Each structure stands twice: as structure tokens, then as C-alpha cells.
Amino acid sequence: MKWGIFFCVMVIIGTIILYEWKKIKTYPKRDKITFFILLIIAGALSLFDLPNLPGPVTLLETIFRPFGNFMESL
């Protein structure tokens, strides 16, 4: 895992919060919660190596490969 990327994203998130704080204070509670949840999701996604993760097709192939072998033997 590349911790440098994670810390850079955290600095960017902190900068966004500091920049938007004056505007956010006047928003309703629901908007504030949504704003922070989106920032938390962005921070969590920065922990993963998304370009190199297997996709849903790989999962489906793993699940259905035994059925394919079974069907070919019939």
C-alpha cells in the first residue's frame, strides 16, 4: 500500500474542509452529514489500489467456472 497517496488525500480533504467550513456552518445538518460522508468515502477509497483490483467479471468467472467444467463434461 502506498501511504504517500493516502496522506496526500488526507491533506487535500483537510484543505477542502478548511476552505468550505464557513459556508458549511450555515447549511442544514443533513447537508453537513452528506458532505462529510462523501469525504470519508474518498479517504477510504484512497486506501485501495483500485486500478489493480479484480473486477466483477473475475468474481463471476470464479463462481461459475466449476459449472462450466461440469457442463462441458456432459
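Within segment 1-27, being modelled with pLDDT of 90 or more and of a type in the set (Gly, Ala, Ser) holds for one residue alone: Gly14. Within segment 49-63, residues that are under 24 Å from Val9 (Cα atoms) sit with their Cβ atoms under 8 Å from residues that are exposed (fewer than 10 other Cβ atoms within 10 Å of the Cβ), at 6+ positions apart or across chains, in these pairs: Asp49/Met1. A Cβ distance below 7 Å, combined with a sequence gap of six or more or placement on separate chains, defines the contacts here; from segment 1-26, residues that are part of a helix (DSSP H, G or I) and of a type outside the set (A, V, I, L, M) reach residues that are surrounded by 10 or more Cβ atoms within 10 Å (Cβ to Cβ) and at pLDDT below 90 in the pairs Phe6/Ser46; Phe6/Leu47.
The values are calculated or read from the model by the stated rules, or taken from the named source; none is laboratory data. Here the structure is a predicted model, which is why all the values come from computation and not from measurement. All Cβ positions, even for glycine, are placed from backbone atoms using ideal geometry, and neighbour counts span all protein chains on display.
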